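Down below is the structure, laid out as structure tokens.
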């Protein structure tokens with residue numbers, strides 16, 4: 001890690017959306033803490049419990065309290081709204097820059113956060129996305145998932161002209177200014193949040209979107225990909241296309257009231 005990077009980023013924020021991640025959440029948080037402690041700047045971790053039906057909230061509180069972590073915050077609300085909403089809401093509470101989205105399913109080891117931050121600095125990028133199809137990536141996940149992923153990426157490139165080979169991976173790094181401008185424009189709460197975020201960013205001039213290599217080992221725990229998920233993803237993708245190409249929604253200055261504000265009354269912040 002260079003001195004320049006240390007001076008650039010005084011503090012980073014890591015957002016972890018969590019829905020029914022109880023069985024392995026503590027392991028994820030332990031690994032994440034270990035890796036973040038190695039970095040040369042301050043950090044915060046914001047865990048967003050997205051209406052889990054298991055003991056996700058309990059496990060998060062147990063880890064934070066038992067480790068006496070001062071860098072962790074837990075946000076919890078009773079309804080399952082969706083990963084996109086959880087990430088957006090957590091991002092509005094972030095005080096660091098850059099802001100990192102990190103999935104808690106352990107497909108990706110948190111040590112890879114370091115590389116994406118390096119890419120952000122080296123390329124002076126607005127956004128860095130972890131990509132399974134980067135030439136230097138090492139991946140091990142089922143053929144069926146690989147085919148679905150590649151097919152969907154071909155579709156998104158055709159519809160939105162995004163020069164990105166993998167939009168869906170759960171590791172991304174953003175300059176905070178990007179999120180501050182883009183999040184109020186987003187409407188997708190669940191299935192295709194990542195695509196909408198990247199499309200909106202690109203349409204608003206944040207075009208320096210770089211892919212970084214990752215090491216991925218598929219974990220069967222918590223997998224939610226099924227026919228209903230595929231159908232909903234395609235439906236939401238069509239809605240993004242309509243808003244982008246027909247309504248020009250993402251470049252409008254006057255927008256409807258932010259959906260995050262509309263659901264503020266449902267949110268409870270948990271402290272240790």
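Read the figures in this text as sums done on the coordinates, not as results from a lab. Quantities reported herein were computed from a predicted structural model and do not represent experimental measurements. Cβ atoms come from the backbone with ideal geometry, glycine included; neighbour counts cover every protein chain shown.
Below is a table of values for the structure above.
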{"read-out": "Per-peptide average of other Cβ atoms within 10 Å, ordering 160-166, 244-250, 171-177, 15-21 highest first", "value": "15-21, 171-177, 160-166, 244-250"}
{"read-out": "Cα gyration tensor, segment 176-217 - rounded (a/c under 1.5), prolate or oblate", "value": "oblate"}
{"read-out": "Share of Cα-Cα pairs in segment 130-211 lying beyond 19 Å, as whole percent", "value": "38 percent"}
{"read-out": "Separation in nanometres of the label points that stand 7 Å from Cα toward Cβ, at residue 246 and residue 122", "value": "4.3 nm"}
{"read-out": "The chain: relative contact order as a whole-number percent, Cα under 8 Å and 6+ apart", "value": "24 percent"}
{"read-out": "Helix-only CD estimate at 222 nm, as mean residue ellipticity for the chain, using -39500 (n - 2.57) per DSSP H run (n ≥ 4)", "value": "-12000 deg cm²/dmol"}
{"read-out": "Diffusion coefficient, µm² s⁻¹, Stokes-Einstein with Kirkwood Rh over alpha-carbon pairs of the chain at 10 °C and 1.306 mPa s", "value": "84 µm²/s"}
{"read-out": "Fluctuation leader among 242, 152, 63 - the chain, Gaussian network, Cα springs under 10 angstrom", "value": "242"}
{"read-out": "Segment 74-174: radius of gyration over Cα atoms, expressed as a fraction of 2.2 N^0.38 Å", "value": "1.17"}
{"read-out": "Over segment 37-80: Rg over Rh, Cα atoms, Kirkwood Rh", "value": "1.05"}
{"read-out": "Inter-site label distance for residue 79 and residue 145 at 7 Å from Cα along Cβ, in nm", "value": "3.0 nm"}
{"read-out": "Three-way shape call for segment 96-234 based on the alpha-carbon gyration tensor, with the a/c threshold at 1.5", "value": "oblate"}
{"read-out": "Stokes-Einstein D for segment 16-142, Kirkwood Rh over Cα pairs, 25 °C, 0.890 mPa s (µm²/s)", "value": "158 µm²/s"}
{"read-out": "Shape of segment 134-179, Cα gyration tensor, a/c cut at 1.5", "value": "oblate"}
{"read-out": "DSSP bridge orientation in the chain - percent antiparallel, rounded to nearest 5", "value": "30 percent"}
